[in-house]
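The values are calculated or read from the model by the stated rules, or taken from the named source; none is laboratory data. None of these values were measured; they are calculated from a predicted model. For neighbour counting, all protein chains shown are included, and Cβ atoms are generated from backbone atoms with ideal geometry for every residue, glycine included.
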Amino acid sequence: MATFQAYCMKCKNKVIVKSPRKIVMSNGRTRVSGLCSRENCDGKLSKIIS
């Protein structure tokens, strides 16, 4: 899977999504969900990609 970047609300940085997985939402749009890749941050990331 390609690498995705998303904004982490916990550490306030744009980071690479660790363990990304694509999810289709109920409205048919696709989002990527994963974890923050920065050290000592366990923030959950989500980004709508289409």
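Among the residues making up the stretch 11-41, none is touching a Leu at 6+ places or on another chain (Cβ under 7 Å) and outside any strand (DSSP E or B). If you go through the stretch 23-45 and keep only what is in contact (Cβ under 8 Å) with a residue 24 or more places away in the chain and surrounded by 12 or more Cβ atoms within 10 Å (Cβ to Cβ), you end up with Val32, Gly34, Cys36, Arg38, Cys41, Gly43, Leu45. Exactly one residue out of Met25, Met1 is modelled with pLDDT of 95 or more and not β-branched (Val, Ile, Thr), and it is Met25.
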